[in-house]
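**Q** Below is the structure I would like to discuss, written out as structure tokens.
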Amino acid sequence: MSEVYVIGTACTAFGKFPDLSFRDLTAMAWKDVFADSGLEDPARLDSAWFGNCGMGTFGQRNIRGQVCLTPLIREGLFPERIGIMNVEGGCATASQAFQGAWKDILSGESQVALAIGVEKTFFPGDAARTLEIFEGGIDQLNPEEWQAYYAAAGEASGKPFQPNAGGGTLFMDTYAMQAAWHMRHRGTTQRDIAVGASKNHWHGSMNPKAQYRFEVSVEEALNDRMVSYPITRSMAAPIGDGAAAAILCSREVLMSLPAAVRERAVRVLACSMTSGIYRKPEEPSLSHHAARRAYKAAGITPEQVSIAEVHDATSFCEIFQAEMMGFCEPGTGGRYVAEGHTTLGGSRPINLSGGLVSKGHPVGATGLSMIHELVLQLRGEAGQRQAANVSVALAENGGGVIGFDEAACVVTLLGR
């Protein structure tokens, strides 16, 4: 297989930014990723993959990347006439953009490719418009299918399906049912989930780009406002805005760049995507299958992964994904987190960025923010939250829902 490298990453601060436009966030991410890449001429870029979920709610339903990049082209900061591919995959959007750029280079179609994800989900005083963005992540044409599935899953988990009963989104209710099933059938406790939430808020307190930069104790997480039992507010990702990006290149291009650029380059070992099905609750998820494909493609085992960023839309998700990634046995994820394995200084730190619950979750940018964190860690540039001896890093990013699966999941492996 051809070698593909990440030579630049960037991530804006995540938060609620009503005064920043999509074009503003795009420009911020592009300027930062271009500066980080060490490229001297933007004309070296051959293609771009632009990820976004919610711009249609603002009225821009098509040609989103072209619209957002036009000012940069006009100013001579972005190359004219290159292909700009628009991508949407729910919360996995940015990872799909990354995979598209990676495949462009693998195919030989491009030598240098950009992946960028840009999102705004915060509407001051208008929660209905925020909800409109997220509603696209579940089947709107055949709702009777997921309604019947969740009714049955509610009986199996001991948590009846009562959407939005706690004021959260339908997605929080589906995650809560999964957590309740795991608690009932695998022995996970709400305290295990709270330990993971507290840990990631501590990680996030050290991340200058995080939306929440404060610590939360285990007891505070347990006693916070209930969103959908067993998930409290501290255990759930917030609404917010932001952008993230990566520049990838071929080995041939990398060898032509200065030594300072080559020394910071990170290799893409594998990037695998799967799609969800209405699986039985006890069956492995789509992320399990994506991870196994990625490990096989990279020629490594889960034991060789040093650190990971996983899609913790709720803190239960980290417990579950630790199992699905093969870091611990099925049913032991709660104990794995509670024992400190996923904490900075633990045997395999997870979500050193703070994860979605602390770093934030502007859906179309999230996957590339994971890549940004892992590249920082592999380069040894993560500051206070730097893990020791990082050689292989994993990103797991899921989006939308099909029953207890996400609709799409991308697992990416990076290494030095």
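The values are calculated or read from the model by the stated rules, or taken from the named source; none is laboratory data. Owing to the predicted nature of the structure, the values given are computational and were not obtained by experimental measurement. Don't worry about glycine lacking a Cβ; one is built from the backbone with ideal geometry, like all the others, and counts go over all protein chains shown.
**Q** Which condition number in (1) without any contact (Cβ under 8 Å) to a residue 60 or more places away in the chain; (2) over 15 Å from residue 200 (Cβ atoms); (3) surrounded by 24 or more Cβ atoms within 10 Å (Cβ to Cβ) is the one that residue 350 fails?
**A** The single condition residue 350 does not satisfy is (2).
**Q** Continuing with this model, one more query. What single numbered condition from (1) out of contact with any Gly (no Cβ under 6 Å at 6 or more places or on another chain); (2) over 24 Å from residue 260 (Cβ atoms) fails to hold for residue 399?
**A** Every listed condition holds for residue 399 apart from (1).
**Q** If I filter the stretch 66-80 for residues that are farther than 22 Å from residue 134 by Cβ, surrounded by fewer than 16 Cβ atoms within 10 Å (Cβ to Cβ) and modelled with pLDDT under 95, do I get at least one hit?
**A** no
**Q** Moving to a separate point now. Can you spot a residue in the stretch 90-98 that is surrounded by fewer than 14 Cβ atoms within 10 Å (Cβ to Cβ) and of a type outside the set (Phe, Trp, Tyr)?
**A** No, because not a single residue in the stretch 90-98 is surrounded by fewer than 14 Cβ atoms within 10 Å (Cβ to Cβ) and of a type outside the set (Phe, Trp, Tyr).
**Q** Given the residues 15, 83, 56, which is the only one that is surrounded by fewer than 22 Cβ atoms within 10 Å (Cβ to Cβ) and under 19 Å from the mean Cα position of the chain (by Cα)?
**A** 15
**Q** Please indicate, with yes or no, whether at least one residue in the stretch 104-112 is in contact (Cβ under 8 Å) with a residue 60 or more places away in the chain, assigned to a helix (DSSP H, G or I), hydrophobic (A, V, I, L, M, F, W, C) and in the same structural domain as residue 66 (by TED's automatic domain parsing).
**A** Looking through the stretch 104-112, at least one residue is in contact (Cβ under 8 Å) with a residue 60 or more places away in the chain, assigned to a helix (DSSP H, G or I), hydrophobic (A, V, I, L, M, F, W, C) and in the same structural domain as residue 66 (by TED's automatic domain parsing).
**Q** Also, quick follow-up: Could you grab me the full set of residues in the stretch 110-146 that are under 23 Å from the mean Cα position of the chain (by Cα) and aromatic (Phe, Trp, Tyr)?
**A** 122, 123, 134
**Q** For the stretch 254-276, how many residues meet the condition of being surrounded by 14 or more Cβ atoms within 10 Å (Cβ to Cβ) and over 18 Å from residue 415 (Cα atoms)?
**A** 5
**Q** For the stretch 23-53, name all the residues that are surrounded by 23 or more Cβ atoms within 10 Å (Cβ to Cβ) and either free of Cβ contacts under 8 Å to residues at least 40 places away in the same chain or among the small types (Gly, Ala, Ser) (or both).
**A** If the condition is that a residue be surrounded by 23 or more Cβ atoms within 10 Å (Cβ to Cβ) and either free of Cβ contacts under 8 Å to residues at least 40 places away in the same chain or among the small types (Gly, Ala, Ser) (or both), then 29, 37, 48, 51 are the ones that fit.
**Q** From the set of residues in the stretch 196-245 that are of a type in the set (S, T, N, Q) and part of a loop (DSSP other than H, G, I, E, B), which is nearest to residue 68 (Cα to Cα)?
**A** It comes out as 211.
**Q** Taking residue 219, is it in the same structural domain as residue 350 (by TED's automatic domain parsing) and surrounded by fewer than 16 Cβ atoms within 10 Å (Cβ to Cβ)?
**A** Judged against the criteria, residue 219 is a match.
**Q** Oh, and also: Among the residues of the stretch 51-102 satisfying the criterion of being among the polar types (S, T, N, Q) and part of a helix (DSSP H, G or I), which is farthest from residue 127 (Cα to Cα)?
**A** 99
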